[in-house]
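Input: a single structure, listed below in structure tokens.
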Amino acid sequence: MPQFLRPLFLAAALVAGFAVPGLAASIPYSERALGSPDAKVTIVEYSSLLCPHCADFHTQILPQLKKEYIDTGKVRLVFKDHSLGQPLAVGASVIARCAPEQNFFPLITTLFANQRTWATAKDPLAALQGYAALAGMDKAAVEACLDNQDVFNGVQAGEAEAGRIGVESTPSFVIDGKPVLVGAQPIEAFRKVLDPLVGG
């Protein structure tokens with residue numbers, strides 16, 4: 001795990017450079033998306049797990065967006081991390097990326113729904129481990145994940161990409177390659193942009 005994350009997450013008994021062996025240490029970074037790869041329109045969401053507006057999007061708006069556009073095969077949503085330099089958000093993102101692929105979105109939805117609880121916990125690692133357990137990750141897997149340099153590099157690559165295209169706040173939505181929406185916009189704002197593109 002990158003050294004600046006370790007003091008925030010690991011218990012005092014763990015020392016710098018100690019890696020917990022396990023599957024999570026060898027998991028490669030890979031894209032996380034909802035919807036068909038053949039969808040006509042792709043939305044790239046740049047989001048931070050510590051962002052309250054991102055939580056609003058995932059808990060209040062995404063369910064309807066999913067129902068109308070993603071589950072119907074019209075739109076694909078790609079999730080990319082943009083934690084705006086917050087180490088706790090980076091660590092949470094790394095943990096989520098190590099979850100089994102089918103559990104990624106349920107896990108981040110749970111993290112968004114309980115954002116205040118784990119973000120303000122005295123022991124954020126213990127809090128995150130509790131949620132990660134729901135996604136099939138035990139304590140050793142979480143700690144091994146935090147030592148996974150490939151996943152960390154992938155999360156950082158998303159951050160760099162956001163910077164290159166001018167994304168300055170979260171959530172931001174790039175639709176078919178163009179930055180279009182910023183913030184937890186209501187479903188009507190998504191309909192206005194998406195309907196002409198999907199032919200709805």
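A few remarks follow.
- If you go through the range 20-36 and keep only what is in a loop (DSSP other than H, G, I, E, B) and at pLDDT 95 or above, you end up with Gly35, Ser36.
- Per-region count, the range 173-200, residues of a type in the set (Gly, Ala, Ser) and either at pLDDT 95 or above or assigned to a helix (DSSP H, G or I) (or both): 1
- Within the range 114-165, helices (runs of 4 or more DSSP H) holding 3 or more residues that are within 17 Å of the chain's Cα centre (by Cα) and within 16 Å of Glu101 (Cα to Cα): 124-134, 149-164
- Residue in the range 80-93 that is surrounded by fewer than 22 Cβ atoms within 10 Å (Cβ to Cβ), of a type in the set (A, V, I, L, M, F, W, C) and touching a strand residue (DSSP E or B) at 6+ places or on another chain (Cβ under 9 Å) present: no
- Just one of the listed residues (His53, His58) is out of contact with any helix residue (DSSP H, G or I) (no Cβ under 8 Å at 6 or more places or on another chain) and modelled with pLDDT of 95 or more, and it is His53.
- Only one entry of Ala39, Ala135, Ala140 meets the criterion of being in contact with a Gly (Cβ under 7 Å, 6 or more places away or on another chain) and more than 24 Å from Val174 (Cβ to Cβ), and that entry is Ala140.
- The range 37-71, subset assigned to a strand (DSSP E or B) and touching a Ser or Thr at 6+ places or on another chain (Cβ under 8 Å), residue surrounded by the most Cβ atoms within 10 Å (Cβ to Cβ): Tyr46
Table: residues versus (1) under 23 Å from Ser36 (Cβ atoms); (2) surrounded by fewer than 18 Cβ atoms within 10 Å (Cβ to Cβ); (3) of a type outside the set (Ser, Thr, Tyr).
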{"position": "Met137", "(1), (2), (3)": "no, no, yes"}
{"position": "Ala140", "(1), (2), (3)": "no, yes, yes"}
{"position": "Cys145", "(1), (2), (3)": "no, no, yes"}
{"position": "Thr170", "(1), (2), (3)": "no, no, no"}
{"position": "Phe173", "(1), (2), (3)": "yes, no, yes"}
{"position": "Val182", "(1), (2), (3)": "no, yes, yes"}
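- Residue list for the range 35-91, restricted to those being closer than 20 Å to Pro186 by Cα and among the polar types (S, T, N, Q): Thr42, Ser47, Ser48, Thr59, Gln60, Gln64, Thr72
The values are calculated or read from the model by the stated rules, or taken from the named source; none is laboratory data. These numbers come from a predicted model, not from an experiment. We place every Cβ from the backbone using ideal geometry, glycine too, and count neighbours over all the protein chains shown.
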